[in-house]
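Just so it is clear, none of the values below were taken in a lab; they were calculated from the coordinates. What you see is a predicted model; the values in this text were computed from it and never measured. Because the Cβ atoms are built from the backbone with ideal geometry, glycine has one as well, and the counts that use them run over all protein chains shown.
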Amino acid sequence: MPKRNSVIVLSSDEEQETPKTRSYSSTRTKPKPKASSSGSRGRKKARVSSSGPRLSKLHEINLFDDDFNEVFTRSKVFAGTQQNIAEELWVDKYKPHSLEELSVHKKKVEEVKTWFEERLKPSKGVYRNNVLVVSGQAGVGKSAAIHVIASHLGAMVCGWNTPTPVIWQEHLYNSGTATKYTSKLDEFVSFVERIRKYGLIPTSFTGESKPSVIFLIDDLPMMHSKAALGRLKDCLHLLVHTTQIPTAILVTDYGNTDSADYNARSVEELKISLERSGACKVTFNPITVNSIKKFFCVNPDQVHSLSLPTRTPHALKEKSNKPVELDDGSPLYFGRDETVSLFHALGKFLHNKRETGVAAEYDQNGFLMQEIFSRLPLKMDVPEKILSQSHVQPGPVADFLHENVLDFLNDEAVEDAWILSSYLGDSDILLAKLRGMLSSHNEAESILQSAAASIAVRGVLFGNSQPISSRWHAIRRPKLWQVQKESSYHKNEMFRQRIPACNQLSSYHMSVMATEYMPMFKLLGNRVGSAYNELDQESAQNLDMEDFDTDKMSLDGEAMEISDDDIEDW
Amino acid sequence: MLWVDKYRPKTLDHVMVHNDIAQNLKKLVTEHDCPHLLFYGPSGAGKKTLIMALLRQMFGPGAEKVKVENRAWKVDAGSRSIDLELTTLSSANHIEMTPSDAGFQDRYIVQEIIKEMAKNRPIDTKGKKGFKVLVLNDVDKLSREAQHSLRRTMEKYSAYCRLILCCNSSSRVTEAIRSRCLNVRINAPSQEQIVEVLQFIGKKEGLQLPPNFAARIAEKSNRNLRRAILSFETCRVQQYPFTDKQTISPMDWEEYISEIASDIMKEQSPKRLFQVRGKLYELLINCIPPEIILKRLLYELLRKLDAELKHEICHWAAYYEHRMRLGQKAIFHIEAFVAKFMSVYKSFLIATFG
């Protein structure tokens, strides 16, 4: 980005008479001082280099760039300061200003209000817990409620302004200047520490009478790991115990449906730990259609400027209904698309359901295929689409298909089995190509991967030319993984073995060890006693025993373990 | 100590099997003009033995004082650093290692170790700068990149170190490396030579070894001297006064593979293929290299196969062996071969017997 910015600044400089560009450049440079500094450097360089004829060309490019940047800056500013946009978004314009306008349930609002009232009364120190956890789904009006209540009570809301996170690349860029990398979590922790110890800094209130203050923590930092979560928990726990200022912590729920999501789970965990340490909790229910309707009904005069004056609030609601897809009383869904589970997808591929009947067969106009290559049309989406919906890595897909596909073959169809396994081999080769590459070839990597997955899936679909009528099959977890693990274990075992066993000059290679020495050791067993020294013998025996035991045990165990539940946690 | 190690010739003069090569190597060393060497030949032919004897010839008995080390390297590769671990066997004058154990990061190993060796050159008693010897095993298993970097380092540091490369097949070593080395082919010992060695060991151990029995061991060993000596020792443990008819127990994994082969011959169906897969997994768990599994399986199948199919089956075996090397999951390819075999064999059966 900084590069592009520099070009734009150059244009505004060269063209004094276009105020439009100028204003944009200024708005852009304001929020990002760093960009401006790099921009100025770029300007200098460009001045030196640009000559007559090139200038016009540059100018053209810049005009084009301006268009691009117009969009860019706008969105940027919207995300940031919201200063330069003449018309406010309706979301901001029609923000609730009084308690009645809130779409949150009255009772809840009342509850929160009384809680704050009690704590803002001068008789302090009675309440041990000064923290309120407000949870609810995104967009129910948690922060709006807090703001409105605060203004109702005449209190000031002080909050933690989420700092712009330092992106890793940015840090790398800065790393020369010896600034230390601080994550959002670090900053948050230090902030809470400050609040706990010193309260809010009094200089910020210039008035003679100290206004009551509500402290608001919106947007808890993200936790990626157990350690970070623990740290945040500790920090909040301390806050709950020691803070003197009424504090509201807003926690966004992500619906209970997908508890698999790590973030959602950790948020849950946080909430529980906060409650345990004594914070009050209020949950805002999801917004219902009625409350949306109510909102539009309450503010009919505010909506009157719509271009379609005949539209009733009800119709409006209908309209607002559509894009967010909300059913009566059901929560709004955000940010998740519908996914097919891996096993669903695998089932589709393995069962290989196809249209029956001759009519469907010769659809493809004019494209003649030999009979052995033609297949009935699939009774499913395009395989690649299913793959992408199931969000799996191609490697595991191939493994799963490989493990299970033979169960789905006709008993006579060895030929099919060969075609299948050949295609699986192809996809394996494609995936193996990746191995040598470094991560710099990201694009190529993803194309190769999806090609490999596609080949595996389509190979399975194509190869299974006479799919047997569907019956129930459990999908097994690839045994290959188990095998790989065990063989690497044995390898290490052998590795340790080979050091005492051939303490002679040479070291033997693994294959020699595996194919010649180990079987011999087994045959020699314990009768070799005198033949070579005790250490060798001991370890050889150990290995022998271990070898057999682990083999038997692990294989049996695996056989029993195979169940659908087990598959889930791979 | 196993007989294999006990009766390994320690010096070039004592070498029994490849005496001519040993004498040539000796001449090279005495003339102080040792080039890089590339030893290649089948397993159990005596490559390692010759290399060890050669090292002893170069550096004296000191070369036998080796220590096993598990060494870790931190390699800087552009933006990231890679941690590598490898076991090395080293004396004051040489280092032996198998860089292909490091998988696809083998090239870093090759570069790093050679650079490191170049940094600390040993100085001999006369103050003359000597050189170290780096023994690399399984060069044919090195990746192409690693071989290229090996070539470069070889040229750059040839003043500081000598390379002794060791591999089974020189065809997988790039031309560039082969042309920079003195190639030494160590062929598999003939059965007579193996018998000779066995008789020698028998005499040293004070055993009565019937010549027929020795010949049988030699035949069973597939011209692999190491194997012959190992099975000789097992036979000795199992039953001493040797008889001509004494059973020579084969390797368990080989028996297992022949079992698989007969499974395949008996029935050709996806279900059977699945069972075969289970057995192949068993072999892989025990670290039998997939190439060897495939090779042995082909051998077993060919023994039972009709002559007119042999050619086709060999072709497919080669095809899948190649693909196995390209790929990562050997089982996919071995299984594909088995499936192909089943399909070919089944249609053959149907065609002949209806």
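Side notes on the structure shown:
- Cross-link table A:106/A:226; A:491/B:10; B:245/B:295; B:48/B:329; A:226/A:379; A:491/B:74, entries beyond 32 Å C-alpha to C-alpha: A:106/A:226; A:226/A:379
- Phi angles of the range B:251-257 translate, via the Karplus equation with coefficients 6.51, -1.76, 1.60 and θ = phi - 60°, into HN-Hα couplings of 5, 5, 5, 5, 4, 4, 5 Hz per residue; Gly and Pro are given as x.
- Mean shadow area of chain B, taken as a quarter of the surface of its Cα convex hull (nm²): 21.6
- Per-residue Cβ neighbour rank within 10 angstrom, fewest leading, A:115, A:418: A:115, A:418
- To the nearest ten degrees, helix B:211-220 and the longest principal axis of the Cα atoms of chain B are 90 degrees apart.
- Angle in degrees between helix B:307-326 and the longest Cα principal axis of chain B, rounded to the nearest 10: 40
- Summing Cβ point charges (Lys, Arg +1; Asp, Glu -1) relative to the Cα centre of the range B:191-238 gives a dipole of roughly 120 debye.
- For the pair residue B:255 and residue B:318, the difference between a 0.36 nm per residue extended length and the Cα-Cα distance amounts to 20.4 nm.
- C-alpha long axis of helix B:225-238 to longest principal axis of chain B, angle in °: 70
- At R0 = 60 Å, FRET efficiency that the Cβ-Cβ distance of residue A:92 and residue B:82 yields, to 0.05: 0.70
- Taking the Cα centre of chain B as origin and assigning +1 to Lys and Arg Cβ atoms and -1 to Asp and Glu Cβ atoms, the resulting dipole is close to 820 debye.
- Here's how it looks for residue A:468: its modeled amide H is under 5 Å from those of A:410, which are all 5 or more places away or on a different chain.
- Rg/Rg_ref, the range B:191-238, where Rg_ref = 2.2 N^0.38 Å and atoms are Cα: 0.97
- Estimated inter-spin distance, residue B:172 and residue B:155, nm [label 7 Å along Cα→Cβ]: 2.6
- Within the shell defined by Cβ-Cβ distances under 11 Å, the residues around residue A:398 carry a net charge of -3, with Lys and Arg each +1 and Asp and Glu each -1.
- Most simply put, the range B:3-185 has about 45% antiparallel DSSP beta bridges, counting only bridges with both residues inside it.
- Value of Rg to Rh for the range B:3-185 (Rh from inverse mean 1/r over Cα pairs, i.e. Kirkwood): 0.95
- Amide H contacts under 5 Å for residue A:281, placed H, 5+ residues apart: A:133
- Sparse-neighbourhood loop sites, trypsin sites (Lys or Arg not before Pro) in the range B:253-326 - DSSP loop, at most 15 other Cβ within 10 angstrom: none
- Using the Stokes-Einstein relation with a Kirkwood hydrodynamic radius computed over Cα pairs, the translational diffusion coefficient of the range B:253-309 at 20 °C and a viscosity of 1.002 mPa s comes to 185 µm²/s.
- Taken about its Cα centre, the range B:160-264 carries a charge dipole of roughly 680 debye when the Cβ of each Lys and Arg holds +1 and the Cβ of each Asp and Glu holds -1.
- Debye equation applied to the C-alpha atoms of the range B:1-105, log10 I(q)/I(0) at 0.17 Å⁻¹: -0.92
- Normalised by residue number, the volume inside the convex hull of the Cα atoms of the range B:221-354 is 138 Å³ per residue.
- Per-residue HN-Hα couplings for the range B:89-96 [Karplus 6.51, -1.76, 1.60; θ = phi - 60°; Hz; x = Gly/Pro]: 10, 9, 10, 5, 10, 9, 10, 10
- Between residue B:328 and residue A:227, the modelled label-to-label distance comes to 2.8 nm, taking each label 7 Å out from Cα in the direction of the beta carbon.
- Note: relative contact order over the range B:252-353, using C-alpha pairs below 8 Å and six or more positions apart, is 34 percent.
- Using a Förster distance of 41 Å, the FRET efficiency for residue B:219-residue A:388 (Cβ separation, nearest 0.05): 0.10
- The residue list B:278, B:217, B:166 was ranked by how far each Cα lies along the charge dipole of chain B toward its positive end, using unit charges on Cβ atoms, and B:166 comes out on top.
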